[in-house]
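Asks: Quick one: structure below, then a few questions.
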Amino acid sequence: MSEKICSELIRSTGCCKLLNIKCGINGFGKNICENFTTDVIRPDLDTYFLEIADIVSKRSTCCKYNVGTVLVKNKHILATGYNGTPRKLKHCHQIGCVFDTNNTESNNKPLCRGIHADQNAIIHAGLHGISTEGASLYSTHQPCHLCAKTIINAGIVKVVFKNSYSNTSAINILNEAKIEVVNLIP
């Protein structure tokens, strides 16, 4: 859902370009008057915060996936996170991906050096004393099972993502925890 803004509004003055007077409706040109026209369509908030998550994902240092996450409460960004190695460690794009180098534990599963974007955003908020209780999480990708459990315990109430995975276990536990889940397909 998008919000339309009058294309005749001069934002700096709040005046109508056509009538050359102050917008008498609400000063923002958002309500329809007889001179209302529009050429600007604002994205709805879910789309807006997902687009910010896309920008955040560009900081990712993962060789496989670039994932970005934004934590939001009351329409304000609390924290962001992207996937990559913990601070003070060399980045995967510098030393190579463990999934490509056969670095394995005794059970033959690769030990990834990275931390997920969702976890990083929640950790970043906690590190700076920001409560995530009641927040929404916007991510370029569906949370994994571990991130879903972290999201639940962080008190997050809504998860919005674009790219999904075939494994639905994370979605199942988010639903069980009564967290609103929205998949906005790109």
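Asks: Of all the residues that make up the range 58-69, how many are in contact with a Leu (Cβ under 9 Å, 6 or more places away or on another chain) and open to solvent by 20 Å² or more (accessible area, probe 1.4 Å)?
Replies: 0
Asks: Same structure again: Considering every residue within the range 56-68, establish whether at least one is within 21 Å of Glu180 (Cβ to Cβ), without any contact (Cβ under 8 Å) to a residue 60 or more places away in the chain and not in a loop (DSSP other than H, G, I, E, B).
Replies: For the range 56-68, residues within 21 Å of Glu180 (Cβ to Cβ), without any contact (Cβ under 8 Å) to a residue 60 or more places away in the chain and not in a loop (DSSP other than H, G, I, E, B): absent.
Asks: Against the conditions (1) open to solvent by less than 30 Å² (accessible area, probe 1.4 Å); (2) at pLDDT 85 or above; (3) not polar (S, T, N, Q), where does Lys75 fall short? Just the number, please.
Replies: The single condition Lys75 does not satisfy is (1).
Asks: Let me ask something else about it. Can you tell me which residue in the range 122-144 is farthest from Val56 (Cα to Cα), limited to those that are buried (at least 16 other Cβ atoms within 10 Å of the Cβ) and either more than 15 Å from the chain's Cα centre (by Cα) or free of Cβ contacts under 8 Å to residues at least 60 places away in the same chain (or both)?
Replies: Across the range 122-144, the extreme among qualifying residues is Cys144.
Asks: A further question on this structure: Among the candidates Ile41, Ile55, Ile32, single out the residue that is out of contact with any Gly (no Cβ under 6 Å at 6 or more places or on another chain), open to solvent by 40 Å² or more (accessible area, probe 1.4 Å) and modelled with pLDDT of 95 or more.
Replies: From the options Ile41, Ile55, Ile32, the qualifying one is Ile55.
Asks: Suppose the filter is in contact with a strand residue (DSSP E or B) (Cβ under 6 Å, 6 or more places away or on another chain) and within 17 Å of Thr85 (Cα to Cα); does Asn163 pass it?
Replies: no
Asks: Looking only at the range 145-186, how many residues end up being open to solvent by 40 Å² or more (accessible area, probe 1.4 Å) and within 14 Å of His116 (Cα to Cα)?
Replies: Matching residues across the range 145-186 total 4.
The values are calculated or read from the model by the stated rules, or taken from the named source; none is laboratory data. As the structure is a computational prediction, the values presented were derived from the model and not from experiment. Here the Cβ is made from the backbone with ideal geometry for all residues, glycine too, and neighbour counts use every protein chain on show. Each accessible area value is taken on the protein alone, full model and side chains, heavy atoms only, with ligands, DNA and RNA left out. Shrake-Rupley method; radii C 1.70, N 1.55, O 1.52, S 1.80 Å.
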